[in-house]
Amino acid sequence: MRFVDEAIIKVEAGDGGNGCVSFRREKYIPKGGPDGGDGGDGGHVFLVGDEGLNTLVDFRHKRLLRAERGQNGMSRQMYGRKGASLYVRVPVGTRVRDLDTDEVIGEILTEGQEMLVARGGKHGLGNIHFKSSTNRAPRQATSGTPGEKRNLSLELIVLADVGLLGMPNAGKSSLIAKMSHARPKVADYPFTTLYPNLGVVDMGEGRSFVIADIPGVIAGAAEGAGLGLQFLKHLSRTRLVLHLVDIAPMDERVDLAEEVRQLISEVEKYGGDLAGRERWLVLTKKDLLLDEEFGERKEKLLQELGWQGPVFAVSSVTGEGVDALAQALMQRLESRAVEEKSVVDEASEAPYDPTQS
């Protein structure tokens with residue numbers, strides 16, 4: 001199945017049913033008075049999170065989603081039936097945006113989470129509501145209000161703890177295949193990854209984390225070159241980013257430090273808070289170099305970048321350094337979880353300040 005992570009749909013909530021103008025007419029009761037009932041409310045449109053879905057491909061051909069209209073009121077004070085609400089299942093990780101206002105309505109982050117995206121119309125009133133001592137035969141009723149209509153953009157953003165960032169052929173797919181049970185396409189030419197891949201890294205004893213691989217980012221991506229930029233949003237929810245660098249490129253004239261700076265520049269052009277996310281440097285394909293040559297290239301790269309963060313060296317072929325990287329990631333993610341929990345606990349225990357309300 002082709003991975004589809006963006007879709008545009010139109011949702012229409014149901015209109016409210018109209019009120020009824022009617023008068024009671026029965027034998028021996030020639031002037032029974034008004035008995036027109038109200039209409040029913042229109043149905044709403046909800047989006048519901050479904051962990052069983054992993055793509056928005058269902059919306060490629062089904063773009064109009066409409067809830068049921070409320071039934072009109074009837075005589076004998078019979079009210080119209082409410083319109084059935086429409087529940088649309090979407091993958092967990094879907095961000096919903098109003099195309100007309102560019103407002104982010106919300107995000108579906110958990111299984112079964114419901115999000116109201118279009119509210120149904122209100123019912124109209126029958127003429128039974130308009131009778132009075134001076135108006136005993138009212139001939140007025142109100143119409144139901146129309147339901148909301150919205151043009152929505154759905155963006156699927158994969159939920160992962162760790163994201164892989166790098167130029168094409170930097171070894172991202174090989175690393176995720178080595179660390180997890182994911183089986184992405186791996187080849188010795190660039191642009192083998194055309195859509196995000198997710199892998200679960202099992203550390204034993206109930207400890208695990210999810211790692212995401214996206215297509216490689218190249219220079220000029222912000223202007224539309226390559227595929228990587230359109231998938232950078234999948235790294236926006238990750239806690240930590242691994243910046244992979246091919247330490248042994250086929251073309252020895254490649255300036256590794258300049259490649260790293262170009263990629264960082266493209267990420268900054270992308271915007272958001274991705275550029276400020278915690279980032280580790282991972283040097284790949286270590287097995288292609290002798291230890292002495294590898295040490296020289298590593299030292300030169302770190303000096304030219306002025307890199308102060310964590311640095312790891314791995315070989316996805318021999319497995320060297322992969323376990324150490326996985327252990328370090330697990331420990332960092334666990335410490336981050338503790339830090340985030342303490343921040344939430346402190347916020348919940350803070351005394352109430354009426355000036356902040």
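The values are calculated or read from the model by the stated rules, or taken from the named source; none is laboratory data. Here the structure is a predicted model, which means the values were calculated and not measured. Positions of Cβ are backbone-derived with ideal geometry, glycine not excepted, and every protein chain shown enters the neighbour counts. When the accessible area is computed, the model is the full protein with side chains, heavy atoms only, and any ligands, DNA or RNA have been set aside. Shrake-Rupley method; radii C 1.70, N 1.55, O 1.52, S 1.80 Å.
Things to note:
- Mean accessible surface per residue for the stretch 51-104, computed with a 1.4 Å probe while every protein chain stays in place, in Å²: 67 Å²
- At least 18 Å along the helix axis (C-alpha) and Kyte average at least -1.0, DSSP helices within the chain: 256-270, 322-349
- Remark: for residue pairs LYS178/LYS285; LYS31/LYS131; LYS10/LYS233; LYS10/LYS269; LYS82/LYS122, the C-alpha separation exceeds 20 Å in LYS10/LYS233; LYS10/LYS269.
- Straight-line cross-link partners of LYS27 among the aspartates and glutamates, defined as a Cα under 18 Å from its Cα and at least 8 positions apart when in the same chain: ASP35.
- Of (i) 59; (ii) 48; (iii) 40, the label for percent of Cα pairs over 28 Å apart derived from the coordinates: (i)
- Computed label-point distance, nm, for sites GLU292 and GLN77 using a 7 Å Cα→Cβ extension: 10.1 nm
- Here the gap between LYS131 and GLN303, fully extended at 0.36 nm per residue and compared with their Cα-Cα distance, gives a gain of 53.2 nm.
- Whole-percent carbon and sulfur share, accessible surface of the chain, 1.4 Å: 50 percent
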